[in-house]
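Remarks on the structure that follows.
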Amino acid sequence: MCRCWELYWGWVPCAPTPWLLLSLVCAAPFGLLGEETRKVSMEVISGGPNPQNLLHIWAVGTNSTLHYVWSTLGPPAVVLVATNTTQSVLSVNWSLLLSPDPDGGLMVLPKDSIQFSSALVFTRLLEFDSTKVSEWAAQPSGKPYPPYSLAEFSWNSSLDQATLSAAFQGHPVDDPSGAFANGSLAFKVKAFSGSGRPAQPPRLLHSADTCQLEVALVGASPRGNHSLFGLEVATLDTGLSCPPMKELRSIDDEYAPAVFQLDQLLWDSSPSGFMQWRPVAFSQKQRSRESALPCQASSLNYTLAHLLPRSPVVQAFFGSQKNFCAFTLTFGAPTGPGYWDQHYLSWSMLLGVGVPPVDVLSPLVLGIMAVALGTPGLLLLGGGLFLLLRHKPYSEYQSIN
């Protein structure tokens, strides 16, 4: 996988190939196939000792329904389910879900309507000492501090039906160093009834088949003067291998200045699911090019379930025999802007079903390309016409012979 990152010179754009640009232009409109609009509802599911830990979002289309079940029982996790009916419902058995063996505690009914299902688990918050970076290090993050297990966080939630958004805000239950005394880690979820894009970078293009997650670390005290933070993410393996991770590149950075890349994790099935993000995070609330941080994604590695913090909702839906593929996202570089500027870090992603949304070239870029490519052609055409139409001067010279 290409890394748009260099150890000494910072983050640089990777040059796209002409074939890639052509494929993006031709394939872009198909990224919006699927339901143009959906009727979206969301609710906090009651019944447990802390019902705020379970959020259900369902988006009903013409003949299908998408279910997102977000949970902070254990580490933050989401179960994504797509069905081929508008009548599918979520069933929660709290006694099973909260038991040591939660298999069957979470179901989408009828079972035979399920066309796709997968899950993401956000297992650990990572921190690195970027002053300990080796010139020959394979991962330019630095020496790791002991990670924060997100299964050991305490979470509060809020819900805003008007904006179809919710937030889980957490801090460690045991925090002897007081690193989170004035800080928190937040998972902000937003659903969409149609297509569009947010007002602030990275302005990912969303559709009615997607849901957005923003992860924000605010006010926590780092353990070093130049700490880099990261996030460990796990997903279910596909049975034969880990889901592939792909990169798309473009010459258009209108919606995310200086970012020419779009990363995707794809679950291969029919229909397929995806996780999509731009490799950029921000160190200030007012997101701009000056506060942009590079986002490094490692390759996916096969991981046994017992090596990760247990997610009750994932085990309740998929059973206990599943194994996982895990990867890490690291935000920032040893030089340039960083979390240390304002003790703020924000990163966004999309989760959805179907063909991932893909940006088409903006009118501004198309205009620039037309001028850049058209001007030489006009000059050549004009020069050729001038030579053809130029009148040959008459010579009065007479041969002596």
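The values are calculated or read from the model by the stated rules, or taken from the named source; none is laboratory data. As the structure is a prediction and not an experimental result, all values here were calculated from the model. Glycine gets a Cβ as well: all are built from the backbone with ideal geometry, and neighbour counts include every protein chain shown. Side chains are part of the model used for accessible areas, which takes the heavy atoms of the whole protein and leaves out ligands, DNA and RNA. Shrake-Rupley method; radii C 1.70, N 1.55, O 1.52, S 1.80 Å.
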- Go through region 44-63 and count every residue that is open to solvent by 10 Å² or more (accessible area, probe 1.4 Å) and either in contact with a Lys or Arg (Cβ under 8 Å, 6 or more places away or on another chain) or in contact (Cβ under 8 Å) with a residue 40 or more places away in the chain (or both). 9
- Does Leu126 meet the test of being in a strand (DSSP E or B), open to solvent by 60 Å² or more (accessible area, probe 1.4 Å) and either farther than 29 Å from Glu43 by Cα or of a type outside the set (Gly, Ala, Ser) (or both)? no
- Message: Considering only residues that are open to solvent by less than 30 Å² (accessible area, probe 1.4 Å) and not in a helix (DSSP H, G or I), which ones fall in region 304-316?
- Response: Leu308, Pro309, Ser311
- Query: If we scan region 129-147, do we find a residue that is open to solvent by 30 Å² or more (accessible area, probe 1.4 Å), at pLDDT 95 or above and assigned to a strand (DSSP E or B)?
  - Reply: no
- Selection from region 305-320 of residues more than 16 Å from Ser149 (Cβ to Cβ) and touching a Gly at 6+ places or on another chain (Cβ under 7 Å) yields Ala316
- Note on the structure: The residue from Asp359, Asp341 that alone is charged (D, E, K, R) and part of a loop (DSSP other than H, G, I, E, B) is Asp359
- Search region 337-359 for residues being closer than 16 Å to Ala59 by Cβ and among the small types (Gly, Ala, Ser), and hand back the single one that is farthest from the chain's Cα centre (by Cα). Gly354
- Message: When you check Leu109 against the structure, is it open to solvent by 10 Å² or more (accessible area, probe 1.4 Å) and free of Cβ contacts under 8 Å to residues at least 24 places away in the same chain, yes or no?
- Response: yes
